[in-house]
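The values are calculated or read from the model by the stated rules, or taken from the named source; none is laboratory data. The structure presented is a predicted model; accordingly, all values stated were derived computationally and were not measured. Positions of Cβ are backbone-derived with ideal geometry, glycine not excepted, and every protein chain shown enters the neighbour counts. These area figures cover heavy atoms from the full protein model, side chains too; ligands, DNA and RNA do not enter into them. Shrake-Rupley method; radii C 1.70, N 1.55, O 1.52, S 1.80 Å.
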Amino acid sequence: MALDSGTTSNRCILFNHKGEIVSVAQRPFTQIYPQPGWVEHDANEIWATQLSVAVEAMQKINCTAKQIKAIGITNQRETTIVWDKHTGEPIYNAIVWQCRRSAEYCDMLKEKGLTELFKEKTGLLLDAYFSATKLHWILENVEGAREKAEKGDLLFGTVDTWLIWKLTKGKVHATDYSNASRTLMFNIHTLKWDDDILEILDIPLSMLPEVQPSSYIYGEADNEFLGSSIPIAGVAGDQQSALFGQNCFHEGDVKNTYGTGGFLLMNTGKKPVQSKNGLVTTIAWGIGDEITYALEGSVFVAGAAIQWLRDEMRLIDSSDDSEYMANKVPDTNGCYVVPAFTGLGAPYWDPYARGTIVGITRGVNKYHIIRATLQSLALQANDVIRAMEKDSGIELSQLRVDGGASANNLLCQMQSDFSLAPVIRPKCVETTAMGAAYLAGLASGYWQSLEEISKNYQIDMTFNSQMNLDERRAEIHNWHKAVKRSLRFAIDD
Ligand SMILES: Nc1ncnc2c1ncn2[C@@H]1O[C@H](COP(=O)(O)OP(=O)(O)O)[C@@H](O)[C@H]1O
Ligand SMILES: O=P(O)(O)OC[C@H](O)CO
């Protein structure tokens, strides 16, 4: 059983031994936007919907808890929850990874010259995206929070930790290495919460969960919830879980997920690679006492640009239509769309960038704009790939893709054209849930080895580069000109 707790919905997927999906249930939950740039979730609603989809997935196929070998949890990362250890009640809404409320505090830390210290210890950037400054905000702004935290009455967790705590009825307060490595408090070299960082941010160690391997028996989901108890045996952040589900087990293996945002990860093996090109270093997973590291490039807007074409611009009726409409024209007619709606993430990291459409001439029509928007997903990913190649010294040999927009054949073709490597789409694109299921299945003996798991991987389609190289060079050159025009747009120089 994989519990996939995403940013907008919770899902439960049941897999069989061949890695095939046997049941799915999904339920969205409320997105709370208290102010521009702020995003919250109700942690109790996350728990309630997650539990309800687990029950529903079982009911759909008349499955009992005894037939489930283990539970794997995978989750939206960085999202920060603080709750009272005695009552189990969250003291504030979950502050979501997208929330920018701690941006000014991050700027203040940067001004103090702390960027390198954080990067060196955690592999991350001083950005509001990661958990630590969200947690700091709660301690500073929720009445009574600091006193309670100092007395040891409060617990912190990302969504995985919250779900484990709820499922075990408060017996286990833990997270895994991959989630810990997204908090900006975890030292990815010593594999411990970092004392210096906790002191700088004034965060009590007693709030933080124990950090365990990603494939590990954390405890048992209480028999009250699913009929009888089931071991929780795998935990990983959703992007690392997708890397695992894509079978990217070897150094140099790369996957890209085209969901709302785009998340490209490269397995860099047993050592962390520090980025000089705008990526972050993260832990992919820990199995036994072995840690696997990854380089990651997070693109804030990918499939969301297609949603924008549909919901705001009303140029398409459904996301699927983007392929048909973009195929009505052979190219973008010199037009480029940079979907920097919330600034730009990797590799530019410019919170002040804004969306831009450039190169418009009299002949540019809606199909060109649709095509240019779709193309921007591939071009953004290509920028991350080139940064990754520079940082790791490894040339991309193939790219495994998943996420909602990977269903778009034209997008996959464009990705291969720009990135000059085969793009591989597996038959099962539920790689996030699959990764968690595999991690849990390995710890509980359902699967014996990575080799056994690899036999389940099936390719749906492979896309090979077809574009003329001069044309490709010109497209990438023009794209970079367009990106330059979007940078720092929201502030006056
Ligand atoms: N055929 C398609 N072409 C382009 N984009 C698509 C297509 N199908 C879905 N999408 C986009 O994929 C995203 C949903 O993917 P999903 O993996 O479910 O996202 P998330 O897990 O982030 O919620 C949406 O932004 C949607 O616009
Ligand atoms: O829930 P998703 O799929 O949008 O993923 C969110 C990421 O984990 C944020 O880092």
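Do any strands (runs of 3 or more DSSP E) entirely within region 334-428 hold 1 or more residues that are open to solvent by 40 Å² or more (accessible area, probe 1.4 Å), of a type outside the set (G, A, S) and within 25 Å of A294 (Cβ to Cβ), and if so, which?
Values: elements: 336-338, 356-358, 399-402, 423-426.
Hits in region 334-428: 399-402.
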* To do: State yes or no: is D238 under 29 Å from S319 (Cβ atoms), touching a helix residue (DSSP H, G or I) at 6+ places or on another chain (Cβ under 6 Å) and open to solvent by 20 Å² or more (accessible area, probe 1.4 Å)?
  => yes
* Going by the structure shown, is A54 in contact with a strand residue (DSSP E or B) (Cβ under 7 Å, 6 or more places away or on another chain) and either open to solvent by less than 20 Å² (accessible area, probe 1.4 Å) or part of a helix (DSSP H, G or I) (or both)? -> yes
* **Search result, residues across region 307-333 that are under 22 Å from M467 (Cβ atoms), open to solvent by 10 Å² or more (accessible area, probe 1.4 Å) and part of a helix (DSSP H, G or I)** => E323, Y324, M325
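Can you tell me which residue in region 91-114 is nearest to ligand 1 (Cβ to nearest atom), limited to those that are under 24 Å from the mean Cα position of the chain (by Cα) and charged (D, E, K, R)?
R100
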* Tabulated pairs, region 1-24, first in a strand (DSSP E or B), second away from ligand 1 (no atom under 13 Å from the Cβ) and among the hydroxyl-bearing types (S, T, Y), C-beta under 6 angstrom, 6+ apart or interchain -> N10/T49; L14/S23
* When you scan region 63-90, how many residues do you find that are touching a strand residue (DSSP E or B) at 6+ places or on another chain (Cβ under 7 Å) and either surrounded by 17 or more Cβ atoms within 10 Å (Cβ to Cβ) or under 22 Å from N223 (Cα atoms) (or both)? -> 19
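For residues that are of a type in the set (F, W, Y) and either at pLDDT 95 or above or touching a helix residue (DSSP H, G or I) at 6+ places or on another chain (Cβ under 7 Å) (or both), tally how many sit in region 1-39.
Step one: filter region 1-39 for residues of a type in the set (F, W, Y), giving 15, 29, 33, 38.
Now restrict to residues that are either at pLDDT 95 or above or touching a helix residue (DSSP H, G or I) at 6+ places or on another chain (Cβ under 7 Å) (or both): 15, 29.
Result for region 1-39: 2.
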* **Pick from region 255-277, criterion open to solvent by 10 Å² or more (accessible area, probe 1.4 Å) and within 16 Å of ligand 2 (Cβ to nearest atom), ranking: farthest from S419 (Cα to Cα)** => T260
* Across region 13-58, what is the number of residues that are within 16 Å of ligand 1 (Cβ to nearest atom), out of contact with any Asp or Glu (no Cβ under 7 Å at 6 or more places or on another chain) and among the hydrophobic types (A, V, I, L, M, F, W, C)? -> 4
